1. Among 197, 179, 107, which comes first, second and so on when ranked by fewest other beta-carbon atoms within 10 Å?
2. Can you tell me how segment 135-244 classifies by the Cα gyration tensor, rounded, prolate or oblate, using a/c under 1.5 as the rounded cut?
3. Quick one: Cα centre-to-centre distance for segment 1-75 and segment 119-196, in angstrom?
4. So in the chain, what percent of DSSP beta bridges are antiparallel if you round to the nearest 5?
5. Starting from the Cα gyration tensor of segment 1-71, take the square roots of the eigenvalues, sort them a ≥ b ≥ c, and report rounded, prolate or oblate (rounded when a/c is under 1.5, otherwise prolate if a/b is larger than b/c, else oblate).
6. If we count other beta carbons within 10 Å of each Cβ, what is the order of 226, 52, 323, fewest first?
7. How much of the DSSP beta bridge set in segment 102-169 is antiparallel, as a percent to the nearest 5?
8. Calculate for the chain the 222 nm mean residue ellipticity that helices alone would give, adding -39,500 (n - 2.57) per DSSP H run of length 4 or more and normalising by residue count, nearest 500 deg cm²/dmol.
């Protein structure tokens, strides 16, 4: 089929599963999974209990395609507490995972619209608009994740409808700061832009850095859709519950996408998420402390390997090292060799629109696994 818009779309890292299973079977070796951005810590106990209680109480029928009212209200409170932004219940849409919140945003645009992507970007930010017939304008960030004023202004020549930001950034772990948000606000006002702000990793911020939601910045709330979920902060990846918060009219269009496709998240899963939002501060402190410890271990170990440069991540639970010296022409070749020879899975930079020699490593794993994986990488570079 000529002109197939699906051609060239990078696979999701989940597609590595078959290759990993083969390596483990043939080499009788447990693969260290630095590739999947999934925390391995358990969900809060009250979330598990709330899910079970919902099932035993018969809360397994259809819910409103907006989400259960109690969860929408709780998310409103959560956003006020963690982002400093006030949303009413009817400005909140509960979605089938955070990924679908992003999908619904892109679907609410018109075919032929353009969106600006800040490189490097999470793979689905490129894939979904491509599938939907939305054009993408790619702009390099200044390391680790700051807006390049001249490049952003040049991108405006394409008359984009929206800018996509993701802070803390997947894959770099970089954070937007106030100067970035001021530029974003000025561009949004001058060119009538919407902003998609993926904040799924908002809590993972280190070394005294500060997370700031674009929606909390003066002049941006009325243009910004926040997307988030319960996977990364609460470890509830299998619940498949996310949410979006933003301007009512845009949320209505996103809701139309959901009600005519996936309908709504599982009702009992929504009640489990409602329970997770009851007294979450201690849980968040614990998981951020764990990831911070792993972060320091990763940077220390990778920086000691000749031929690797590893910047210190400001947030998230990702490191984004770079291989120096041109040992591998493509990071996809490096990732394949590392999996086959060392039993370590990582994601090549090409998946994030980046051909500069980077790979992503997720360190939200038990410390012993992180240590083992780092030793294998060191031996691989031997």
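Derivation of every value follows stated rules applied to the coordinates shown; laboratory data play no part. Because the structure is predicted, anything quoted here is derived from the model rather than measured. Using ideal geometry, Cβ is built from the backbone for each residue, glycine included, and neighbour counts are taken over all protein chains shown.
1. Details: 197 27, 179 11, 107 20.
Least to most surrounded, the residues fall as 179, 107, 197.
2. On the way: a/c = 1.81, a/b = 1.52, b/c = 1.19.
Here segment 135-244 falls in the prolate category.
3. Going from one Cα centre to the other spans 26 Å.
4. Working: 17 of 37 bridges.
If we restrict to bridges inside the chain, about 45 percent are antiparallel.
5. Oblate.
6. On the way: 226 28, 52 14, 323 19.
Fewest-to-most Cβ neighbours within 10 Å comes out as 52, 323, 226.
7. Numbers: 1 of 10 bridges.
Among the beta bridges of segment 102-169, antiparallel pairing accounts for roughly 10 percent.
8. Details: 12 runs with 151 residues, N = 382.
After summing the helix terms and dividing by residue count, I get -12500 deg cm²/dmol.
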